[in-house]
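Trainee: Submitted below is the structure of interest, expressed as structure tokens.
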Amino acid sequence: MAAWWSRPKSKMKPEVAAKTKRSVPSGVFQKCDDCGETVPSGQVKEAMWCCPKCGFHFVMPTEERIKITVDEGSFAEEDRTIQPEDPLEFRDSKRYADRLRTAQKQVGVADAFREGCATIGGRPVSIGFFVFEFMGGSMGSVVGEKITRLFERALAQRVPAIILNASGGARMQEGILSLMQMAKTTAALARLKEAGLPYISVLLHPTTGGVAASFAMLGDVIVAEPKALIGFAGPRVIEQTIRQKLPEGFQRSEFLLQHGMVDSIVRREDMKEMLGRLVALLGPQERGSNARA
């Protein structure tokens, strides 16, 4: 057998070789951020978008999240027609208006938050879901307005409010207008709490920036999925600022639970049951009441 350096070179043209080379189609496999294993995407989806090897919770499509959270067919979405604007005419590598149009076309929603009325375990709630697929779930003026309306609807109907948070924080393309949403949503939440109505905050991977620094961490009960990244600034930014090495697992759900920032860590398949128990315990006692009354 001839050595590799003495073997004759292939006479096949490069363009022909490229066509005949087999490749794995995009999306068939994905790499787990926790254990590093490459796993079939089909198995991840079957396991509620969790790693079949280690159980790590991947970011879940919002439509699937709604289906596994509320009673079947009960979610009545509100405020779907509110459209984001570009008051600053912001531009970085692309125009903000173009980014919005692209995200709307790809995801099929107007902005990064969906909210409305639903039931969990037969009990009415005012509930909202961050759409992480839309510009990383970033919070601009529309997201802040819809969250405010969610709290106001809960107050008007005297039902519990629930938000499932997954966000990179305030949307930089809207500048100070996005940061104003932190105060706006927190003020609406304060009115809900003054009325003695409960707010349950669910922290998903990731929940960061201005969202984490406002209503996401102000729940009467705060639950989180395992190993979710939760915090304001990223760990690398913090290490560079304080010039210290951060503790192992810093800003993960388990670390926050140990330090009293989270009340419970709940796996995805158990989340609906947990929310149902909390709503039954904290919410109105009348079963079967109309959430849209």
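Trainee: If you go through the stretch 125-134 one residue at a time, do you hit one that is in contact with a Leu (Cβ under 7 Å, 6 or more places away or on another chain), farther than 20 Å from Gln83 by Cα, surrounded by 24 or more Cβ atoms within 10 Å (Cβ to Cβ) and in the same structural domain as Lys67 (by TED's automatic domain parsing)? Before you say what the answer is, go through the steps one by one.
Mentor: Restricting attention to the stretch 125-134, the residues satisfying the condition of being in contact with a Leu (Cβ under 7 Å, 6 or more places away or on another chain) are 126, 128-130.
Next cut, farther than 20 Å from Gln83 by Cα only: 126.
Now narrow it down to the ones that are surrounded by 24 or more Cβ atoms within 10 Å (Cβ to Cβ): 126.
Next cut, in the same structural domain as Lys67 (by TED's automatic domain parsing) only: 126.
The answer is yes, given that some residue of the stretch 125-134 is in contact with a Leu (Cβ under 7 Å, 6 or more places away or on another chain), farther than 20 Å from Gln83 by Cα, surrounded by 24 or more Cβ atoms within 10 Å (Cβ to Cβ) and in the same structural domain as Lys67 (by TED's automatic domain parsing).
Trainee: Can you find even one residue in the stretch 145-153 that is farther than 24 Å from Ser214 by Cα and assigned by TED's automatic domain parsing to the domain that holds Ala187? Spell out how you get there, then give the answer.
Mentor: Looking only at the stretch 145-153, we keep the residues that are farther than 24 Å from Ser214 by Cα, and these are none.
Within the stretch 145-153 (the criterion being farther than 24 Å from Ser214 by Cα and assigned by TED's automatic domain parsing to the domain that holds Ala187), the answer is no, since none of the residues qualifies.
Trainee: Moving on. Which numbered condition in (1) more than 22 Å from Cys54 (Cβ to Cβ); (2) touching a residue at least 40 places away in the same chain (Cβ under 8 Å); (3) surrounded by fewer than 19 Cβ atoms within 10 Å (Cβ to Cβ) is the only one that Leu192 fails?
Mentor: Here Leu192 clears every test but (3).
Trainee: While we're here: If a residue must be of a type in the set (A, V, I, L, M), in contact (Cβ under 8 Å) with a residue 12 or more places away in the chain, assigned to a loop (DSSP other than H, G, I, E, B) and surrounded by fewer than 18 Cβ atoms within 10 Å (Cβ to Cβ), how many such residues does the stretch 242-267 contain? Show your work before the answer.
Mentor: Taking the stretch 242-267 first, the residues of a type in the set (A, V, I, L, M) are 242, 246, 256-257, 261-262, 265-266.
When the remaining residues are screened for being in contact (Cβ under 8 Å) with a residue 12 or more places away in the chain, the result is 256-257, 261-262, 265-266.
Those still in the list that are assigned to a loop (DSSP other than H, G, I, E, B) too: 261-262, 266.
If we keep only those that are surrounded by fewer than 18 Cβ atoms within 10 Å (Cβ to Cβ) as well, we get 261.
Qualifying residue count for the region: 1.
Trainee: Could you tell me whether any residue of the stretch 98-120 is touching a Lys or Arg at 6+ places or on another chain (Cβ under 9 Å) and among the polar types (S, T, N, Q)?
Mentor: Within the stretch 98-120, one or more residues are touching a Lys or Arg at 6+ places or on another chain (Cβ under 9 Å) and among the polar types (S, T, N, Q).
Trainee: Turning to a different aspect of this structure: (1) under 27 Å from Leu100 (Cβ atoms); (2) in contact with a strand residue (DSSP E or B) (Cβ under 9 Å, 6 or more places away or on another chain); (3) among the basic types (Lys, Arg): which one isn't true of Lys67, the others all being true?
Mentor: Exception for Lys67: condition (2).
Trainee: For the stretch 221-254, what are the residues that are of a type outside the set (A, V, I, L, M, F, W, C) and more than 19 Å from Val211 (Cβ to Cβ)?
Mentor: Step one: of the stretch 221-254, the residues of a type outside the set (A, V, I, L, M, F, W, C) are 225-227, 231, 234-236, 239-241, 243-245, 247-249, 251-254.
Pro226, Arg236, Glu239, Gln240, Thr241, Arg243, Gln244, Lys245, Pro247, Glu248, Gly249, Glu254 - these are the residues of the stretch 221-254 that are of a type outside the set (A, V, I, L, M, F, W, C) and more than 19 Å from Val211 (Cβ to Cβ).
Trainee: Separate question: Applying the selection to the stretch 156-168, what residues are buried (at least 24 other Cβ atoms within 10 Å of the Cβ) and not in a strand (DSSP E or B)?
Mentor: Within the stretch 156-168, Val159, Pro160 qualify.
Trainee: Taking Ser126 as the residue in question, decide whether it is in contact (Cβ under 8 Å) with a residue 40 or more places away in the chain, small (Gly, Ala, Ser) and in contact with a Lys or Arg (Cβ under 8 Å, 6 or more places away or on another chain). Full working, then the answer.
Mentor: Values: in contact (Cβ under 8 Å) with a residue 40 or more places away in the chain: yes; small (Gly, Ala, Ser): yes; in contact with a Lys or Arg (Cβ under 8 Å, 6 or more places away or on another chain): yes.
Against the criterion (in contact (Cβ under 8 Å) with a residue 40 or more places away in the chain, small (Gly, Ala, Ser) and in contact with a Lys or Arg (Cβ under 8 Å, 6 or more places away or on another chain)), Ser126 qualifies.
Trainee: Next question. Just wondering, is there one or more residues in the stretch 87-103 that are touching a helix residue (DSSP H, G or I) at 6+ places or on another chain (Cβ under 7 Å), in a loop (DSSP other than H, G, I, E, B) and surrounded by fewer than 15 Cβ atoms within 10 Å (Cβ to Cβ)?
Mentor: yes
Trainee: In this structure, does Ala47 turn out to be hydrophobic (A, V, I, L, M, F, W, C), surrounded by 13 or more Cβ atoms within 10 Å (Cβ to Cβ) and either in the same structural domain as Met274 (by TED's automatic domain parsing) or under 17 Å from the mean Cα position of the chain (by Cα) (or both)?
Mentor: Considered against the rule, which asks whether it is hydrophobic (A, V, I, L, M, F, W, C), surrounded by 13 or more Cβ atoms within 10 Å (Cβ to Cβ) and either in the same structural domain as Met274 (by TED's automatic domain parsing) or under 17 Å from the mean Cα position of the chain (by Cα) (or both), Ala47 comes out as no.
Trainee: Further, regarding this structure: Provide a single number: the residues in the stretch 133-155 that are in contact with a helix residue (DSSP H, G or I) (Cβ under 6 Å, 6 or more places away or on another chain) and in a loop (DSSP other than H, G, I, E, B).
Mentor: Looking only at that region, the number is 3.
Trainee: Among (1) surrounded by 15 or more Cβ atoms within 10 Å (Cβ to Cβ); (2) at pLDDT below 95, which single condition is Gly288 missing?
Mentor: For Gly288, the exception is condition (1).
The values are calculated or read from the model by the stated rules, or taken from the named source; none is laboratory data. Only a predicted model underlies this, so the values are computations on that prediction, with no experimental measurement involved. Heads up, the Cβs are rebuilt from the backbone with ideal geometry, glycines too, and the neighbour counts pull from every protein chain shown.
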